[in-house]
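Below you'll find the structure, written out as structure tokens, and then a few comments.
The values are calculated or read from the model by the stated rules, or taken from the named source; none is laboratory data. Just so it is clear, the model here is predicted, and its values are computed rather than measured. Note that each Cβ is placed from the backbone with ideal geometry, even for glycine, and that neighbours are counted across all protein chains shown. Areas reflect the complete protein model, heavy atoms only, side chains present, ligands, DNA and RNA absent. Shrake-Rupley method; radii C 1.70, N 1.55, O 1.52, S 1.80 Å.
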Amino acid sequence: MKYISLLGASGSIGTQTLDVIRSHPNEFQLAAMSVGKNIELARKIIEEFTPHLVSVASKEDCERLRHEFGNRVKIVYGEEGLIEVATYSKTDIVVNAVVGSVGLLPTLQAIEAEKTIALANKETLVTAGHIVMEAAQKRGVTILPVDSEHSAIFQCLQGEKEKNIEKIILTASGGSFRDRKREELQHVTVEEALRHPNWAMGAKITIDSATMMNKGLEVIEAHWLFHLPYEQIDVLLHKESIIHSMVQFHDSSVIAQLGTPDMRVPIQYALTYPDRFELLGAKKLDLAEIGTLHFQKVDFARYRCLEFAYEAGKIGGSLPTVLNAANEEAVSAFLNGQISFLTIEELIEQALERHHVVKQPTLDEIREIDEETRQYIKSLLI
């Protein structure tokens, strides 16, 4: 039996993680979780899975749930609550499925507590990859990727030697507007942007997919996870989302991981690694049924956010923190109807250009730069 702490239980990755736990009750148990503001769903999860510890965003919701479940479940809240869930004593694996830089500190605290990390929170490595990976190495903590692309690379590298890697290739669906020209994007709506052609995801990550910032953050994350320079990390457009990523080796061989678009696959692999369990209810891949797979190069002029991410990653230091914070605020403004779709890129570019890079930022400096960047973007919206 593996005991799971789940950060972000009410999100897309979180609910699919619960589905995996539900499918294997003799293998996994939900020991602790955080749910943010979705208290109605929190009640349902508590009733079904009876976790020992639950964290919510606000004190008011915490007190409400304490009144309802206080005799059965410990209820906490805020950032301290997230950390308590991430470091819960009975936990074997922490699944970090929260969205945004809020996932950084709980990850670092879980590493200090020597918990295995199943990481779906890109921002943790984007904003502080040097700190996170150094801490994990020091504590001997395993970080298992949950993103479908990084899980694919991780699976392709099993039994392989790092020195033999020529490059890794992250595939990208192209998002909601992949078939539109750049000049057609000026007046697209939030509703249109949220219609991803292949995946069912949360609002923020769906918009990131449409701008290709999601892939840019994955490039930075791959740099830290697989210890590769950016020159050895490529992105390839692949509309079907069947090949989740590939590794090319020096001998010209290419190993790819394929499967139907189902996030439960990488989630379950992270929880069962190095074993594999049957994925109940999964659609099996039938290549004959699919018939044809399509690929094309990425145009940086079309997807400027991907170019920003490569530039920020190569410069390094505090610049990826600025990239991430500016993007989070810009995407939020778009979802709230404050700006147009293409303005997301413009705001990010302004934040990157004004920033004076700190080469080896401390955790306190990262948090300060993150907040300062957010305030700057908000000032541009007034």
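Set the Förster radius R0 to 51 Å, insert the Cβ-Cβ distance between Glu349 and Asp92 as r into 1/(1 + (r/R0)^6), and round the FRET efficiency to 0.05.
On the way: r = 43 Å, r/R0 = 0.84.
Rounded to the nearest 0.05, the efficiency is 0.75.
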Just to be sure I understand: if I project the alpha-carbon convex hull of segment 139-206 onto a plane and average over all orientations, what area do I get in nm²?
7.5 nm²
Karplus couplings for segment 336-347 from phi (6.51 cos²θ - 1.76 cosθ + 1.60, θ = phi - 60°), rounded to Hz, Gly and Pro as x?
8, x, 7, 9, 7, 4, 6, 5, 3, 4, 4, 5
Gaussian network model of the chain, Cα within-10 Å springs - most flexible of Ile290, Ile169, Ile131
Ile290
Taking only C-alpha pairs under 8 Å that are 6+ residues apart, what is the relative contact order of the chain in percent?
15 percent
With every protein chain left in place and a probe of 1.4 Å, what is the accessible surface of Cys305, to the nearest 10 Å²?
0 Å²
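If R0 is 25 Å, what FRET efficiency do you get for Leu287 and Gln158 from their C-beta distance, rounded to 0.05?
On the way: r = 22 Å, r/R0 = 0.88.
So the FRET efficiency works out to roughly 0.70.
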7 Å from Cα along Cα→Cβ at both Ala301 and Glu68: what's the point-to-point distance in nm?
5.5 nm
Could you derive backbone 3J(HN,Hα) for segment 130-139 from the dihedral phi with the Karplus parameters 6.51, -1.76 and 1.60 (θ = phi - 60°), listing whole Hz in sequence and x where the residue is Gly or Pro?
5, 6, 5, 5, 5, 5, 5, 5, 4, 8
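How much length is gained if the chain between Thr362 and Lys37 is pulled fully straight, taking 0.36 nm per residue apart and subtracting their Cα-Cα distance, in nm to one decimal? If you can, show how the numbers build up before the last one.
Numbers: separation 325, 0.36 × 325 = 117.00 nm, distance 3.01 nm.
Fully extending the segment from Thr362 to Lys37 adds 114.0 nm.
Count charges around Glu365 for me, please; just the other residues with Cβ under 14 Å from its Cβ, Lys/Arg as +1, Asp/Glu as -1. Don't skip to the answer; put the middle values down first.
Values: positive: Lys359, Arg367; negative: Asp364, Glu368, Asp370, Glu371, Glu372.
Net charge around Glu365: -3.
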Considering the dipole of segment 24-95 built from charges on the beta carbon (Lys and Arg +1, Asp and Glu -1) around the Cα centre, which of Phe28, Ser89, Val73 is farthest to its positive end?
Val73
Sequence neighbours fewer than 8 away in the same chain don't count; with that in mind, list the lysines whose C-alpha is under 22 Å from Lys163.
Lys314
Summarise the accessible area of the chain (1.4 Å probe, protein heavy atoms) by the percent that is carbon and sulfur.
48 percent
Extension reserve of the Gln232-Gln137 stretch, reckoned as 0.36 nm per residue once the Cα distance is removed:
32.0 nm
Calculated from DSSP H runs of 4 or more alone, at -39500 (n - 2.57) each and per residue, what is the 222 nm mean residue ellipticity of the chain, nearest 500?
-14500 deg cm²/dmol
Can you pull the accessible area of Thr272 for me, 1.4 Å probe, Å² to the nearest 10?
10 Å²
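If the only charges are +1 at each Lys and Arg Cβ and -1 at each Asp and Glu Cβ, what is the size of the charge dipole of the chain around the Cα centre, to the nearest 20 debye?
Details: 39 positive and 54 negative charges, 109 e Å.
Charge dipole of the chain: 520 debye, to the nearest 20.
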Percent of Cα-Cα pairs per 10 Å bin, from 0 to the last occupied bin, for the chain, please list those.
5, 24, 34, 27, 10, 1, 0
In Å², and per residue, what accessible area does the chain have when probed at 1.4 Å with the other protein chains present?
44 Å²
Over 27 Å between Cα atoms, which of Lys2/Lys122; Lys59/Lys138; Lys215/Lys283; Lys115/Lys239; Lys44/Lys378; Lys2/Lys215 qualify?
Lys59/Lys138; Lys115/Lys239; Lys44/Lys378; Lys2/Lys215
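On full extension of the chain, what length is gained from Arg276 through Glu48, given 0.36 nm per residue of separation minus the C-alpha to C-alpha distance?
Working: separation 228, 0.36 × 228 = 82.08 nm, distance 2.50 nm.
This chain segment gains 79.6 nm when fully extended.
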About the Cα centre, charge dipole magnitude for segment 1-91 (Lys/Arg +1, Asp/Glu -1 at Cβ), debye
160 debye
Using only the Cα atoms, what convex hull volume per residue in Å³ does segment 274-382 have?
217 Å³
Taking Lys161 as the anchor, which aspartates and glutamates have their alpha carbon closer than 17 Å to its alpha carbon, excluding any fewer than eight residues away along the same chain?
Asp251
